[in-house]
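Chemist: The following block contains the structure, expressed as structure tokens.
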Amino acid sequence: ARQVLPESMLLAHALARLLAICPDADQRDGLRAIDLATAVFQTRKSAEHAETLAMAYAEIGDYEKAKHWQIEAINLAKTSSPPELHTRLQYNLKRYENGQPPASVAQ
């Protein structure tokens, strides 16, 4: 899909998230996820896009940057985001503070 629609930030975001948290470790690629997620975040600064950056950094084991981006996501989510998002963001921030991956890929 990215070859057909390389300019699609929607597809770039979906791929970044998949590469960051795919349940199959062989399919994860944190560095590529960071590149894609950074490009997406630069076009639209949202809580979900910052969260994807946090997930990508956690995938490569850089929990300091994961925490930074998770806090950014929390700050961006302060206005008009559903409570479930706040809960998930806070939960995964605690995981990053403990050097753990996001809950969606925790074994």
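The values are calculated or read from the model by the stated rules, or taken from the named source; none is laboratory data. Nothing here was measured: the structure is a model prediction, and the numbers come from that model. Cβ sites come from the backbone with ideal geometry, for glycine too, and all protein chains shown count toward neighbours. The accessibility values were calculated without ligands, DNA or RNA, using every heavy atom of the protein model including side chains. Shrake-Rupley method; radii C 1.70, N 1.55, O 1.52, S 1.80 Å.
Chemist: Write down the accessible area per residue of the chain in Å², having rolled a 1.4 Å probe over the full set of protein chains.
Modeler: It amounts to 58 Å² per residue over the chain.
Chemist: Of the accessible area of segment 28-107, with the probe set at 1.4 angstrom, what percent is carbon plus sulfur?
Modeler: 50 percent
Chemist: Next up: Go ahead and set up a Gaussian network model of the chain, Cα springs under 10 Å, then flag whichever of Thr52, Thr43, Thr79 fluctuates most.
Modeler: Of Thr52, Thr43, Thr79, the most mobile in the Gaussian network model is Thr79.
Chemist: Which whole-number percentage describes the relative contact order of the chain, with Cα contacts under 8 Å and a sequence gap of 6 or more?
Modeler: Value for the chain: 22 percent.
Chemist: Now for a different question. Quick one: putting +1 on the C-beta of Lys and Arg, -1 on the C-beta of Asp and Glu, what dipole do you get for the chain around its Cα centre, in Debye to the nearest 20?
Modeler: 240 debye
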